[in-house]
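**Q** A single structure is presented below for examination.
The values are calculated or read from the model by the stated rules, or taken from the named source; none is laboratory data. Predicted model only: the values in this text are computed from it and were never measured. FYI the Cβ positions are ideal-geometry reconstructions off the backbone, even for glycines, and counts take in every protein chain you see. Quick note on the areas: whole protein, heavy atoms, side chains included, nothing else; ligands and nucleic acids left out. Shrake-Rupley method; radii C 1.70, N 1.55, O 1.52, S 1.80 Å.
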Amino acid sequence: YNWAHCPINRGSIAIWKGSHKIILEPGWDRTYRKTAANNNCILVNDTDQWGGRQVWHPRLDSNQVGRVTMFADGKHLSVARVDLKNAYPPSARIGALSRVLVYLKPDHILVFDRLEPLGKGKAQWRYHAAFIEPTKQAGRFTVFGFERRRRRSRTKPTSYQQAFTKLGEVSLEVAFLTPGVTASVGTSDVYFRGNPFRQPTR
């Protein structure tokens, strides 16, 4: 939970390997747009969580926050479940929405999402990373860690490759369990007040 964007990112996922980020949360920095769309969450019927698409959020009421309904941490397994229905305004038309995270130690993570819309609906899942292969639509991906390139001068980078270096030895294999599901790779809609390469945006 980051005070800068209130708890609108309930159910979001961030994955690290050692000190290197792999699945990112671009919205953690207070100079970014504070929206669940930048925090590895789900958009339902083109609707963000409460307070989305604002730079500074008002304080949310308790009934506007997703509830963590279960958490357990053991030697070989960790499990968390969050009920996300209340985290979205009525315009999302959600009957039920929950996310279960299962961490099979040391290096397997399962994400189970259950969405029941009120009538026909549309949902978009967003996961943010610095480097992804392949960059075309697919059902399986390799996501890589990164390092910020060190600059000898104060000149700001003018390209993604000038700002970040892919770490080939730090990676995560991502696959969808639902048959026939694929994802497209695009650029995040995060916007910036300063240097456009302060944080990765893919």
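**Q** Sketch the reach of a paramagnetic label on Leu60 as a point 7 Å from Cα along Cα-to-Cβ, and name the residues of region 71-92 whose backbone nitrogen lies under 20 Å away.
**A** In region 71-92, the label zone of Leu60 (backbone N under 20 Å from the point 7 Å along Cα→Cβ) covers 71, 80-92.
**Q** Just the number: Rg to Rh for region 102-159, Cα atoms, Kirkwood Rh, two decimals.
**A** Ratio of gyration radius to Kirkwood radius: 1.13.
**Q** Please report the accessible area of Ile23 (heavy atoms, 1.4 Å probe, ligands and nucleic acids excluded) in Å², nearest 10.
**A** Ignoring ligands and nucleic acids, Ile23 comes out at about 20 Å².
**Q** Taking only protein heavy atoms into account and a 1.4 Å probe, give the accessible area per residue of region 63-202 in Å².
**A** 65 Å²
**Q** Mind giving me the nanometre distance, one decimal, between the label points for Trp16 and Asp113, set 7 Å out from Cα along Cα→Cβ?
**A** 2.4 nm
**Q** So, taking all protein chains as they sit and a 1.4 Å probe, how much accessible area belongs to Asp61, in Å² rounded to tens?
**A** Answer for Asp61: close to 90 Å² accessible.
**Q** Rounded to the nearest 10 Å², what accessible area does Tyr160 show when all protein chains are kept and the probe is 1.4 Å?
**A** 20 Å²
**Q** Run the accessible area of region 68-107 with a 1.4 Å probe and give the carbon-and-sulfur part as a rounded percent.
**A** Exposed carbon and sulfur together represent 60 percent of the surface.
**Q** Here's another thing I want to ask about it. Relative to the present Cα-Cα distance, how much length would full extension add between Val68 and Glu133 at 0.36 nm per residue of separation?
**A** In short, 20.1 nm is gained.
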